[in-house]
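> Mind looking over this structure? Questions follow.
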Amino acid sequence: MSGRTNGTRKDIKMFKFKMLAAVAAMFMLSACADQAAVPAGGATAVAPGSIADFRQNVGDRVFFDTDQSSLRPDARTTLTRQAEWLKRYGNYQITVEGHADERGTREYNLALGDRRATAVRQFLVAQGVPAARLKTISYGKERPEVVGSDDGSWSRNRRGVSALQ
Amino acid sequence: MPRPTSRFRFLVAACAVAATSVFGIAPARAQLTIDMTRPNFEPVPIAIADFAGSDRVGAEIAQIIRNNLQNSGLFRVIPPAAVIEKNVNANAVPRHADWRGIGASGLVVGQVTATPGGIKVDFRLWDVVVGQQATGLSLNTQSAQWRRVAHIFSDAIYKRVTGEEGYFDTRVAYVSETGPLNRRVKRIALMDQDGANNRYLTDGAGLALTPRFSPTLQEIVYMGYAEGPPRVYLQNVESNRRELLGNFPGMSFAPRFSPDGTKVAMSLSQDGNSSLYEMNVRGRSQRRLTNSPGIDTSPSYSADGTQIVFNSDRGGTQQLYVMGSGGGGEKRISFGDGRYATPVWSPRGDFIAFTKIAGGQFGIGVMRPDGSGERMLASGFLVEGPTWAPNGRVLMFFRQQPNAAGRAGAVSLHAIDITGRFERQVPTPTDASDPAWSPLIPQ
Amino acid sequence: MRLLASLFAFLIAVAPAHAQRLDPVQVEDRFQQLQQAITLLTGQIEQLQFRNQQLQQRLDKMQTDYEFRLEQLEKGGARPGGPAPGAAPTARPAAPPPQPGVAAAPPAAAPGGAAAEQVYHDAFKLLQDGDYAGAERGFRTFVQRNPQHVLAGNAQYWLGETFYARRDFQNALNAFAEGYKTYRASPKGPDNLLKLGITLSAMGRKQDSCAMFARFNQDYPRATDLQKRRVDQERQKNQCG
């Protein structure tokens, strides 16, 4: 987790001066996805089917564009992987958390987080994860992942997180 | 469940004092009035002497009145050091020329006397320009209630000078914030309008957000995280007893009382779609108010209860809409550049306050209920969530500084008059957001 | 609106039919796309309705303005935006009954000249734009600085209108009353008296308004037919005896 966050920060710095923020975010995410899909040789071994496995090798979160709740292509890739994993390991309940960045009002962002969580849930259900295993909760802008007031932080905070229990 | 009215009985006596007739001067009040709706008024210079007759309480009451009036932006309080007459007798006629000499237009004197049941507090406001008493009040109450006495007197002075009702004898509920930004503890807190008597209504175990007062001040509604999805709770502020308001499968949020206190409008979410519902507080019956394929939230009733203004993104971006309070006849009223949110109808009915997001900045503004006459009062990196003082002439909202280097930016409450001229920070013990200003406390 | 309804109908009809053949993700996507299309249309309809309403208001204002100008032309004046040169505004409360007709006196020299007229026209423009507060300031300034100007009576009348438009009847009453008192012989005299009565009526002072209407034919025997008709309508509306 923390390693990935650091990588993210480095990536942001790397691309910051070269490309538009949105493009940078796309690259960054695909880089993360690649890392997760093909763990480097030095990565700590995690038990297949564990929560750590899900987070490291599948990716537990997807990101959204500003004020949007539609799933981007990179999010679909991650969620397809999530669905495969969740179907294989049927012993987990999933709470999908919807989050927003701080650039909206509190009440509206609660609704927006709810809409994002629902979009993730519906995608997973459509991919064959039983609906009974999935719950949603919105945290609006109340639980940012990255503390910062810049595009990089905001793009990391507009997220849907599949939390396993 | 003791109501403040039974605990706190006032004996209000009009102080028609001989002094008025001694000075048989024409009732001119040129200097001791102010028209706060004019953009270029001058604050009224006023001197407030420590109240006589009690060691500590008299001085404290005077200080509260000074703070209240100074903070309103409509008065310039003469520094106590310049108040030349100490321990003036509240029943004697002051030497008006002396007060004019130090630049005062008004003088407030008063005294505290012990009674078998508590204390009796009198005050007078002298118009030293014309040499007449402008107003006065006498209250009998329990000794512990002296702060409220000071607020009630402040309201009387404010009303006499501005012609508007005061707002000092009120409370503010807000969200107290502590801890790092990604693990913030958010609790509902309640305090007097000036920051005194701060206490917490929720324990901080789950996030608690968006407190709103019932018109009697006996209850608040807010959104809280406990088991399952976050929901709207109703809580008694005296007993702290709380209950779920309605039992819906999904999230319920953005509650607000109707002006008569019998209903609460709020958002319910179903399958990612948020719509407005109205809930009868006692009978718990409910009805749906909106049905659009978008987010409908932040409902606020008009002062007469016949209409509701709310926030919706049904047209692609967040805008403000007005409809009948039973639902239907929805009409968009905001058409400026940017996104509009958190509309709140003034208790006077003449304005709707809102948060506006445009050009990467947030702003607090007001418009007429038909959407015309939009005017921005405050702006910044993040300003949000206006709430009206009961006189409809002052707004409170919150301001957040940008987060920097992994550190959360400070969040604080601010008050501003509707000319936008005078903004000040409202002191709170912790970081604070989402204020809700109560109506005047029932006497 | 009908478009929206048909889109919904389409949604309902299409979604289940395709559900058997289509991947559920595609159905969901199609649903999202349609919803976004509806949202977009809703926003556009709202904008159009708003612009339509604004245009309607502007049109109404223009129409009022044209009627006013035509009226002036019918009366023989020709100055656009402002009425014809009128009577010397020497009438005072104690003055003899106003002379019938308005063409008797020669146009008073306009103190202030072009600059003054600019103030008047600017204020009139503000009035047309619906900026009543701005128009009020303009007309008030004009009347105060140029009480003898040929347009002073007009300015006084329009000053009243700025209040009336804002439903500030008390100030409207004061302005129209002042107009009647000071500029009775002005070309706007008849309109001024008519509006004085209408304002009184709006304030619920029916008797007073009837008294004003009763003075109309006496004061302004040569008023236009339109004005006379209007007075008759108002008399009926207020059930004046």
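Computed from the coordinates by the stated procedures, all read-outs in this text should not be read as laboratory data. All of these numbers come straight from a predicted model, not from anything done at the bench. Cβ sites come from the backbone with ideal geometry, for glycine too, and all protein chains shown count toward neighbours.
> Suppose only helical runs count, i.e. DSSP H with n ≥ 4. What mean residue ellipticity at 222 nm does that imply for chain B under -39500 (n - 2.57) per run, divided by all residues and rounded to the nearest 500 deg cm²/dmol?
Rounded to the nearest 500, it is -3000 deg cm²/dmol.
> Let me ask another. In percent, what relative contact order does the stretch B:276-429 have, based on Cα pairs under 8 Å that are 6 or more apart in sequence? Write down the numbers at each step before the final one.
Numbers: 367 pairs, mean separation 18.6, N = 154.
Reported relative contact order: 12 percent.
> Another question about this same structure. So how do B:Ile418, B:Ile220 line up by other beta-carbon neighbours within 10 Å, fewest first? Could the numbers behind the result be given before it?
Numbers: B:Ile418 20, B:Ile220 25.
Neighbour counts put them in this order, fewest first: B:Ile418, B:Ile220.
> Kindly work out what percent of the DSSP beta bridges joining two residues of the stretch B:176-255 are antiparallel, to the nearest 5. It would help to have the intermediate numbers written out before the result.
Details: 18 of 18 bridges.
Bridges in the stretch B:176-255 that DSSP calls antiparallel: roughly 100 percent.
> Quick check: net charge around B:Val112, other residues with Cβ under 11 Å of its Cβ, Lys/Arg +1 and Asp/Glu -1? Walk me through the numbers on the way to the answer.
Values: positive: B:Arg56, B:Lys120; negative: B:Asp50, B:Asp55, B:Glu60, B:Asp122.
In short, -2.
> Take B:His414, C:His121 and order them by how many other Cβ atoms sit within 10 Å, fewest up front.
The most exposed by this proxy come first: C:His121, B:His414.
> Here is a follow-up. If you line up the long axis of helix B:57-72 against the longest principal axis of chain B, both from Cα atoms, how many degrees apart are they, to the nearest 10?
Helix B:57-72 sits roughly 60 degrees off the main axis of chain B.
> Work out the charge dipole of the stretch C:113-237 with +1 on the Cβ of Lys and Arg and -1 on the Cβ of Asp and Glu about the Cα centre, then indicate which of C:Gln236, C:Phe176, C:Thr162 is farthest towards its positive end.
Selected residue: C:Gln236.
> Which entries of C:Lys75/C:Lys228; C:Lys195/C:Lys228; C:Lys181/C:Lys237; C:Lys61/C:Lys237; C:Lys195/C:Lys237; A:Lys141/B:Lys186 have Cα-Cα distances beyond 18 Å here?
Working: C:Lys75/C:Lys228 14 Å; C:Lys195/C:Lys228 13 Å; C:Lys181/C:Lys237 25 Å; C:Lys61/C:Lys237 24 Å; C:Lys195/C:Lys237 14 Å; A:Lys141/B:Lys186 13 Å.
Table pairs above 18 Å Cα-Cα are C:Lys181/C:Lys237; C:Lys61/C:Lys237.
> On a 0 to 90° scale, report how tilted helix B:146-162 is relative to the longest principal axis of chain B, with both axes built from alpha carbons and the result rounded to the nearest 10.
90
> While we're looking at this one, here's another question. How high is the relative contact order of the stretch B:156-301, given as a whole-number percent (alpha carbon pairs under 8 Å, six or more residues apart)?
Details: 321 pairs, mean separation 18.5, N = 146.
Answer for the stretch B:156-301 is 13 percent.
> First check a/c for the stretch B:261-349, with a ≥ b ≥ c the square roots of the eigenvalues of its C-alpha gyration tensor; if it is under 1.5, answer rounded, and if not, answer prolate when a/b is larger than b/c or oblate otherwise.
Values: a/c = 2.13, a/b = 1.22, b/c = 1.74.
It is oblate, given that a/c is not under 1.5 and a/b is not larger than b/c.
> Please state the shape class of the stretch B:171-437: rounded when a/c is under 1.5, otherwise prolate if a/b exceeds b/c and oblate if not, all from the C-alpha gyration tensor.
On the way: a/c = 1.32, a/b = 1.04, b/c = 1.27.
The shape class here is rounded.
> Evaluate the charge dipole of the stretch B:171-437 about its Cα centre and quote only its size in Debye, nearest 20, assuming +1 on the Cβ of each Lys and Arg and -1 on the Cβ of each Asp and Glu. Intermediate results must be reported in sequence, preceding the final value.
On the way: 29 positive and 24 negative charges, 24 e Å.
I would put it at about 120 debye.
> Please work out the FRET efficiency for the pair B:Asp260 and B:Asp98, using the Cβ-Cβ distance as r and a Förster radius of 51 Å; give the result to the nearest 0.05. Can you show the working numbers first?
Values: r = 50 Å, r/R0 = 0.99.
Approximately 0.50, to the nearest 0.05.
> Taking the dipole about the Cα centre of chain B, with the C-beta of Lys and Arg at +1 and of Asp and Glu at -1, give me whichever of B:Leu207, B:Ala410, B:Ser298 is farthest to the positive side.
Towards the positive end, the residue furthest out is B:Leu207.
> Based on other C-beta atoms within 10 Å, arrange B:Asp169, C:Asp23 from fewest to most. Please report the intermediate quantities before stating the final value.
Working: B:Asp169 24, C:Asp23 12.
With the fewest neighbours first, B:Asp169, C:Asp23 line up as C:Asp23, B:Asp169.
> Among DSSP beta bridges whose residues both lie in chain B, state the antiparallel percentage, nearest 5. Display every interim value, and only then the final one.
Numbers: 109 of 116 bridges.
Around 95 percent of the beta bridges assigned by DSSP in chain B are antiparallel ones.
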